[in-house]
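The structure appears below as C-alpha cells.
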Amino acid sequence: MKKQLIKLVIGFFLLQSLPVNAQQQPPFWNEVQAFKKSDSIQLPPPKAILFTGSSSFRLWDGIEKSFPLHTIINRGFGGSSLPDVIRYANDLIFPYDPKQIVIYCGENDIAASDSVSSKMVLQRFQQLFSLIRHRMPAVPILFVSIKPSPSRWHM
C-alpha cells in the first residue's frame, strides 16, 4: 500500500512537471485578442459599417478612404472561413452595434478541403446569417460573393 501511494505521489509530481500545452487556441485567436485589446483602449463608435471575414478585408489598405462618408470598422482576419467568423461573432460582430455588416468569406472554405462544396459554404453562410439575424434583426447584411482568384481557379 505504501509503495502504491509513493508511486502515485511521484506520478502526480511527474505529471505536474511535464510541459503542459494549455488548451491549444483556435485559429486566429491572437488576431481576435488584438482586436479586443484595441477595443478596450478605444471602442469604435456605434452605428458604423462593420467589415468582417477573410484577409481580402484585412489587407484592404485604405478601406476607410474608400468610404469617406461612412465610419468603417474593419474586422477582417487571417485567412478566415465562415466557421471562424461564426466562432468569433461574439467578439467581432455583436459588440459594435453596427448599422450594416459586410461579410467576405467562403473562398477559404473551398480552398481548405476538397470535401467542402459550394452547398456547404451556403449552409455555413446561412448559419452565420441566422446567428446575426437572431441578435440583430434589423441590421442589413451584405455578403460579398467569392471573387475569381487565379491561384484558386481550379477550385
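Just so it is clear, none of the values below were taken in a lab; they were calculated from the coordinates. Computed from a prediction, not measured in an experiment: that's the story for all the values here. Cβ atoms come from the backbone with ideal geometry, glycine included; neighbour counts cover every protein chain shown.
Structural remarks
- Note on region 40-155: with charges restricted to the Cβ of Lys and Arg (+1) and Asp and Glu (-1), its dipole about the Cα centre is near 240 debye.
- The value of relative contact order for region 14-155, using C-alpha pairs under 8 Å at least six residues apart, is 25 percent.
- Loop-resident sites, region 40-119, for trypsin sites (Lys or Arg not before Pro), counting at most 14 other Cβ within 10 Å (DSSP): 47
- Pairs from the table (36/65; 36/147; 36/119; 37/65; 99/147; 65/147) lying more than 27 angstrom apart at Cα are 36/147; 36/119.
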